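> Quick one: structure below, then a few questions.
Read-outs: derived from the displayed coordinates by stated rules, not from any lab. Because the structure is a prediction, the values reported are computed rather than measured. Backbone-built Cβ (ideal geometry, glycine too); neighbour counts: all protein chains shown.
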Amino acid sequence: MGRYFVPFGKGSRSCIGVQLAYVLLYHTIAHLFRPGAPKLLLHETNECDVTPMRGFLFALLKRDSKGLRVIPVNGSEPTDDM
Ligand code: HEM
């Protein structure tokens, strides 16, 4: 499977930001799911926004979907630090 997973390309013109990209991805995920993390409230999102409807190589959402959107909430107030 790993053989076919090449999000950063391969070879001499592959992505030079791959290490930074992984740092940012891990940091974001750790921040969102650490103990005491803000709650994530679904925002204008329903099942259509997470269900692939079209696409051949890539699973794509319906054309007018904005995808899964959430509002981070600390306690009862939305936070602005995300
Ligand atoms: C999730 C994040 C990222 C993905 C999925 C991604 C993906 C890619 C892909 C597919 C390529 C083309 C590789 C090819 O032509 O074979 C590329 C090239 C490149 N990426 Fe990224 N990238 C990401 C983040 C970054 C970051 C954070 C930087 C810089 C800080 C960056 C800098 C570059 C540069 C400069 C190239 C051109 C390399 C060249 O043509 O020699 N990328 N990236």
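> Which residue fluctuates the most in the chain, going by a Gaussian network model with Cα springs under 10 Å, if the choices are ARG63, ARG13, ARG54?
Maximum among the listed residues: ARG13.
> Excluding LYS66 itself, what net charge comes from residues whose Cβ is under 10 Å from its Cβ, given Lys and Arg +1 and Asp and Glu -1? Don't skip to the answer; put the middle values down first.
Values: positive: ARG69; negative: GLU44, ASP49, ASP64.
Computed value for this residue: -2.
> Here is a further query. Sort all Cα-Cα distances of the chain into consecutive 5 angstrom bins from zero, then give the percent of pairs in each bin up to the one containing the longest distance.
3, 12, 13, 14, 17, 20, 14, 6, 2, 0
> Further question: Go through SER14, GLY55, LEU25 and say which Cα lies farthest out towards the positive end of the charge dipole of the chain; charges sit on Cβ, +1 for Lys and Arg, -1 for Asp and Glu.
SER14
> Sticking with this structure for a sec: Nearest 10 degrees is fine. How inclined is helix 18-33 to the longest principal axis of the chain, computing both from alpha carbons?
20
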